[in-house]
Structure formats: structure tokens, C-alpha cells
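The values are calculated or read from the model by the stated rules, or taken from the named source; none is laboratory data. This is a predicted model, so every value here is computed, not measured. Neighbour counts are summed over all protein chains in view; Cβ atoms, including those assigned to glycine, are modelled from backbone coordinates with ideal geometry.
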Amino acid sequence: MAQPVDVVRIAVYAGLLVLGAVVGVAGALVQAGWFPGGLLLALLGAAGTFFGGARATGTRAGAVAPAAGWVVVVLFLTATRPEGDFLFGAGLGSYVFLLGGMGVAVMCATLAQSPQPGGHSARLGK
């Protein structure tokens, strides 16, 4: 049988999605402003959001939700406007922010495994 929909869990994932989007906008503004410290701060903020979401929910989806918000916003901000305005310059820092943030998202989603319920200790013979 299918389990009922958990409204609280859906609200948490939606909140993580919005939080990821906010971190993406903030990182896009900070990463070029104080190079290289801003780049490091932006990537650490993204990593904290992704990994914190995974640890808070205990699932991989907790890391994927803020990562999805981050990716959508950052890719939206990379597009140029018809007027020629853009937020990201063509420099090494922008590429490190884009690719590094995506790499951090994959790492946090991969590492975010909750312990198995009822697991026994690794010591044998006890």
C-alpha cells in the first residue's frame, strides 16, 4: 500500500528549495566581489546548505532540494539579457563557482546517507 502524503515533509523540501535559491543569488553576488575569499565563502555557504539539508531530513532528497534551487537560480543568472547585461563575468572565479557548486551538490547528495535502522556494531564475535 502507498503511504499517505506527508505535508510537513513536502513543506520542508520546498523550504530547502527556496533556501538553495537564496544561497545561489547571494553566492553569485559575493563570489566576484571579494575574490578569492568571496568565492570560498560562496562555495562554503552552498556546501553548508546542501549538507545541512541532507542531515536535517536524513535523506538524500534533503541535499537535492536546495541543490536544485541553487542550480536553477545560478543558471538563470548566467544568461545574458537583450540589453547585454550579465551578472557573471567570463573569468576563472565564475567558472569555479558554477562547476564547484555543482560538484559540491553531487558530493553532498552522495555522502548524505543516514545510518541503517537496527544496525549492529562492526565488531564481530561480540
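Counting only residues that are farther than 18 Å from VAL72 by Cα and aliphatic (A, V, I, L, M), which one in region 84-106 is modelled with the lowest pLDDT? The selected residue is ALA90. Only a single criterion out of (1) at pLDDT below 90; (2) surrounded by fewer than 11 Cβ atoms within 10 Å (Cβ to Cβ) is not satisfied by THR78, namely (2).
Condition (residue is touching a Pro at 6+ places or on another chain (Cβ under 8 Å) and at pLDDT 90 or above) applied to region 54-63: is it met by at least one residue? Quick ask: steps written out before the conclusion?
Filtering region 54-63 for residues touching a Pro at 6+ places or on another chain (Cβ under 8 Å) gives none.
No, that holds for no residue.
Could you list, in sequence order, the residues of region 4-32 that are more than 23 Å from GLY45 (Cβ to Cβ) and surrounded by 13 or more Cβ atoms within 10 Å (Cβ to Cβ)? If the condition is that a residue be more than 23 Å from GLY45 (Cβ to Cβ) and surrounded by 13 or more Cβ atoms within 10 Å (Cβ to Cβ), then ARG9 is the only one that fits.
You will find that of ALA54, ALA21, ALA68, the residue that is of a type in the set (A, V, I, L, M), outside any loop (DSSP other than H, G, I, E, B), within 18 Å of VAL104 (Cα to Cα) and touching a Lys or Arg at 6+ places or on another chain (Cβ under 9 Å) is ALA54 and no other. Just one of the listed residues (VAL74, VAL106) is part of a helix (DSSP H, G or I), out of contact with any Lys or Arg (no Cβ under 8 Å at 6 or more places or on another chain) and under 15 Å from LEU39 (Cβ atoms), namely VAL74.
Within 20 Å of LEU111 (Cβ to Cβ) and part of a loop (DSSP other than H, G, I, E, B): is that true of THR49 in this structure? Spell out the reasoning first.
Details: within 20 Å of LEU111 (Cβ to Cβ): yes; part of a loop (DSSP other than H, G, I, E, B): no.
No.
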